[in-house]
Amino acid sequence: MSQLVDRFGRRVEYLRLSVTDRCDFRCVYCMGEDPCFLPKEQVLSLEELAWVAQAFTELGVQKIRLTGGEPLVRSDCVQLVSMISSLPGLKELSMTTNGSRLTRLAKPLREAGLNRLNISLDTLDAERFSALTRNGKLERVIAGIDAALDAGFQRIKLNAVVLKGQNDAEVLDLVDFCRSRSLNIAFIEEMPLGEMDERKQSRHLSSDDVRAIIQTKYPLTLSDARTAGPARYYDMADSDCHIGFISPHSHNFCHECNRVRVTVEGRLLLCLGNEHSVDLKAIVREHPGDIDRLKQAIIDAIELKPLKHHFTHDGTQVLRFMNVTGG
């Protein structure tokens, strides 16, 4: 059982560990068009990432998700998976990826001990895909999904951010795509992270709106299936696919938050929608090998975890892009 319990009685059992702020896409809801990436010396090394992961698992964290940016742009990512997957007490090691490199890496990742994959896919239209990602190729991601299935990954989940007037007409197409391949999918409300001119236009679509679109074709019933994340899942009577909704705006899930993030710079981020954080990188580098000191810093930091986030639609937002935060 996790030793990390915040002031509100929430037990932290889930770490999202960012391994890079770099990405081969430039998705419109994740980063600016011309991002400035961190220099190498500011990013946690392979050994430092594994050390942080070990500290969390020794404190009782049972699930770790590797995020980015795009984690697979790091050439040592498979090695990192191998190092973390063998940690005692870890029950699940997963990854969020854009899927563009899975044709080459799905099998090595599976063999290294990665348990689950979340793959971002917001559209099945090649032209729209290139526009939303600013440079991505849809066919590479589809091929990556199929490679992950061939490698033996079970219950792969797609993540789709739905934007009004851009890809909302494809909600049912995405559901049908998942049904055809026995994939799960989570529809995500856009989160106001990072300063972008595009957000001056109203493009928010609530989870209730998305669910209503799906129910015009497929009646949904609330599922008993739960994960360590914030999604609420629904079932369809004629398919084993689960349809999830992540609703940071319309259905705040903070009361049961069980996760924290470590950014690519080694900052322990206690809440996605707040700036509360503690610099773990300084501890790791000033006191190498002292895992007890690192663990105590993590325990102390949990006291800073706020009750909830405050996302709004009025232009108020956290000026920290998602690629820096970690997915």
Quiz prompt | Lone unmet requirement of (1) of a type in the set (A, V, I, L, M, F, W, C); (2) open to solvent by 20 Å² or more (accessible area, probe 1.4 Å); (3) within 25 Å of Leu117 (Cβ to Cβ); (4) in contact (Cβ under 8 Å) with a residue 60 or more places away in the chain for Phe8 | solution = (3)
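Which ones in the range 58-69 are under 16 Å from Val5 (Cβ atoms), open to solvent by less than 20 Å² (accessible area, probe 1.4 Å) and touching a strand residue (DSSP E or B) at 6+ places or on another chain (Cβ under 9 Å)?
Of the range 58-69, the ones under 16 Å from Val5 (Cβ atoms) are 58-62.
Filter again for open to solvent by less than 20 Å² (accessible area, probe 1.4 Å), leaving 59-61.
Those that are under 16 Å from Val5 (Cβ atoms), open to solvent by less than 20 Å² (accessible area, probe 1.4 Å) and touching a strand residue (DSSP E or B) at 6+ places or on another chain (Cβ under 9 Å): Gly60, Val61.
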Self-check item: Residue within the range 169-180 that is hydrophobic (A, V, I, L, M, F, W, C), more than 25 Å from Ser239 (Cβ to Cβ) and not in a strand (DSSP E or B) present
Solution: no
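Is it the case, given these coordinates, that Cys23 is at pLDDT below 90 and either assigned to a loop (DSSP other than H, G, I, E, B) or open to solvent by 50 Å² or more (accessible area, probe 1.4 Å) (or both)? First the steps, then the outcome.
Values: at pLDDT below 90: no; either assigned to a loop (DSSP other than H, G, I, E, B) or open to solvent by 50 Å² or more (accessible area, probe 1.4 Å) (or both): yes.
No, not satisfied.
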Practice problem: Could you list all residues from the range 129-156 that are under 12 Å from Leu183 (Cβ atoms) and open to solvent by less than 20 Å² (accessible area, probe 1.4 Å)? | Solution: Ile145, Ala148, Phe153, Ile156
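Could you please find all residues in the range 67-87 being out of contact with any helix residue (DSSP H, G or I) (no Cβ under 7 Å at 6 or more places or on another chain) and not basic (Lys, Arg)?
Within the range 67-87, Thr67, Glu70, Val73, Ser75, Ser86 meet the criteria.
Sort out which residues of the range 239-261 are among the β-branched types (Val, Ile, Thr) and either at pLDDT below 70 or closer than 23 Å to His204 by Cα (or both), and write them in order of number.
Listed by number, the residues that qualify are Ile243, Ile246.
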Quiz prompt | When residues of the range 274-318 are limited to those that are modelled with pLDDT under 90 and either of a type in the set (A, V, I, L, M, F, W, C) or more than 30 Å from Ser247 (Cβ to Cβ) (or both), the one surrounded by the fewest Cβ atoms within 10 Å (Cβ to Cβ) | solution = Leu307
Quiz item: Out of (1) modelled with pLDDT of 95 or more; (2) under 17 Å from the mean Cα position of the chain (by Cα); (3) closer than 29 Å to Gly60 by Cβ; (4) not aliphatic (A, V, I, L, M), what's the single condition that is false for Pro88?
Solution: (2)
Quiz item: Which one is surrounded by the fewest Cβ atoms within 10 Å (Cβ to Cβ) among residues in the range 37-54 that are part of a helix (DSSP H, G or I) and under 19 Å from the mean Cα position of the chain (by Cα)?
Solution: Ala50
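Matching residues to (1) touching a residue at least 24 places away in the same chain (Cβ under 8 Å); (2) open to solvent by less than 50 Å² (accessible area, probe 1.4 Å); (3) within 16 Å of Arg16 (Cβ to Cβ); (4) part of a helix (DSSP H, G or I):
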| site | (1), (2), (3), (4) |
| --- | --- |
| Phe56 | yes, yes, yes, yes |
| Val78 | yes, yes, no, yes |
| Gly89 | yes, no, no, no |
| Leu93 | yes, yes, yes, no |
| Ala106 | yes, yes, no, yes |
| Glu127 | no, no, no, yes |
Quiz item: Taking the range 214-238, which residues are modelled with pLDDT of 95 or more, of a type outside the set (Phe, Trp, Tyr) and open to solvent by less than 70 Å² (accessible area, probe 1.4 Å)?
Solution: Ile214, Leu220, Asp235, Met236
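The values are calculated or read from the model by the stated rules, or taken from the named source; none is laboratory data. Predicted, not measured: the structure shown is a model, and the values here were computed from it. Neighbour counts are summed over all protein chains in view; Cβ atoms, including those assigned to glycine, are modelled from backbone coordinates with ideal geometry. Quick note on the areas: whole protein, heavy atoms, side chains included, nothing else; ligands and nucleic acids left out. Shrake-Rupley method; radii C 1.70, N 1.55, O 1.52, S 1.80 Å.
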